[in-house]
Amino acid sequence: MSTLTNTSTDPHAPTTPTTKRSRWPLFGAGAGLLGIVGTLITDVRPDGKSADAMISPADMDNLSRGTYHVGIIAGYLCVAALLVMAAAWRRHVEQRFTDSTAARVVANGLIASAGALSLGYGWKGAMAVYLPGGMDHGAYPTDGLYVLYMLNDFGAYIGWLGTMVAAGAIAYMAFREKTVSRWIGVVSCLLLLPVIVFVVATGLPGFPGVVGGLWLLVMSLGLTFGKSAVAR
């Protein structure tokens with residue numbers, strides 16, 4: 001099966017077939033998958049506590065140090081993949097579509113998320129260090145661990161905001177500039193909408209982390225195997 005590539009200096013010019021696919025968006029797919037692991041799958045609660053139960057400093061000894069450890073490893077790899085994806089986007093997209101402000105927003109959003117998530121995932125690493133079994137166990141009292149636990153409540157979620165800003169830019173490129181497949185724009189809008197609704201209606205800051213990794217995974221695979229002009 002062939003894809004399409006642009007052979008003209010005009011990025012909106014007619015396209016001709018080619019058998020070569022762009023592989024650079026796979027860095028975004030990797031970042032999305034790693035982000036799902038680092039944010040959602042390794043979201044830790046004390047053993048035996050339900051999602052709506054109140055957590056106190058006394059529960060800190062019932063947290064899984066190993067899960068936090070997996071979280072920082074997956075999270076830091078996600079950050080690295082985000083930075084590579086942003087660099088690849090600038091090389092392959094921004095340099096071709098020089099008159100597109102939205103294209104510049106995409107890379108900036110990924111970089112913003114990478115910086116914020118470095119902190120969010122770093123707090124997971126702090127828990128892995130200070131919980132029982134960690135290299136510095138006993139250095140903090142339970143009240144100190146409780147503070148770190150509260151930082152982790154939203155830490156790995158808030159940082160995905162920049163990625164959701166990128167989702168809005170991708171939607172603009174899909175519907176206005178027509179350089180991204182329209183179905184990717186639809187997915188971007190569907191996943192961005194609940195982020196906006198929850199922030200406006202309740203002030204909830206962490207919903208970007210619920211959908212950010214999934215959006216990045218789907219969007220990046222769509223660029224890799226689809227027919228978007230930005231990936232030709």
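The values are calculated or read from the model by the stated rules, or taken from the named source; none is laboratory data. Quantities reported herein were computed from a predicted structural model and do not represent experimental measurements. Using ideal geometry, Cβ is built from the backbone for each residue, glycine included, and neighbour counts are taken over all protein chains shown.
Of note:
- Residue match in the stretch 36-43 (condition: touching a Lys or Arg at 6+ places or on another chain (Cβ under 8 Å), modelled with pLDDT of 95 or more, within 23 Å of Gly159 (Cα to Cα) and surrounded by 20 or more Cβ atoms within 10 Å (Cβ to Cβ)): yes
- Filtered residues of the stretch 171-188 (kept if over 14 Å from the mean Cα position of the chain (by Cα) and buried (at least 17 other Cβ atoms within 10 Å of the Cβ)): Ala171, Tyr172, Met173, Ala174, Glu177, Thr179, Val180, Ser181, Ile184, Gly185, Val187
- Positions within the stretch 64-123 being out of contact with any Asp or Glu (no Cβ under 7 Å at 6 or more places or on another chain) and not in a helix (DSSP H, G or I), in sequence order: Ser64, Gln95, Arg96, Phe97, Thr98, Asp99
- With respect to the conditions (1) surrounded by fewer than 22 Cβ atoms within 10 Å (Cβ to Cβ); (2) of a type outside the set (D, E, K, R); (3) under 18 Å from the mean Cα position of the chain (by Cα), Val200 falls short on a single one, namely (3).
- Of all the residues in the stretch 137-170, those that are farther than 25 Å from Val79 by Cα and part of a loop (DSSP other than H, G, I, E, B) number 5.
- Filter result (part of a helix (DSSP H, G or I) and among the polar types (S, T, N, Q)) within the stretch 200-232: Thr202, Ser220, Thr224
- Lone unmet requirement of (1) of a type in the set (D, E, K, R); (2) surrounded by fewer than 19 Cβ atoms within 10 Å (Cβ to Cβ); (3) out of contact with any strand residue (DSSP E or B) (no Cβ under 9 Å at 6 or more places or on another chain) for Arg96: (3)
- Residues of the stretch 173-196 satisfying the condition of being of a type outside the set (S, T, N, Q) and under 18 Å from Gly159 (Cα atoms): Leu191, Leu192, Leu193, Pro194, Val195, Ile196
- Only one of Gly138, Gly144, Gly133, Gly125 that is surrounded by fewer than 20 Cβ atoms within 10 Å (Cβ to Cβ) and touching a residue at least 60 places away in the same chain (Cβ under 8 Å): Gly133
- Members of the stretch 42-57 found to be under 17 Å from Leu151 (Cα atoms) and either part of a helix (DSSP H, G or I) or in contact with a helix residue (DSSP H, G or I) (Cβ under 8 Å, 6 or more places away or on another chain) (or both), listed by number: Thr42, Asp43, Val44, Pro46, Ile55, Ser56, Pro57
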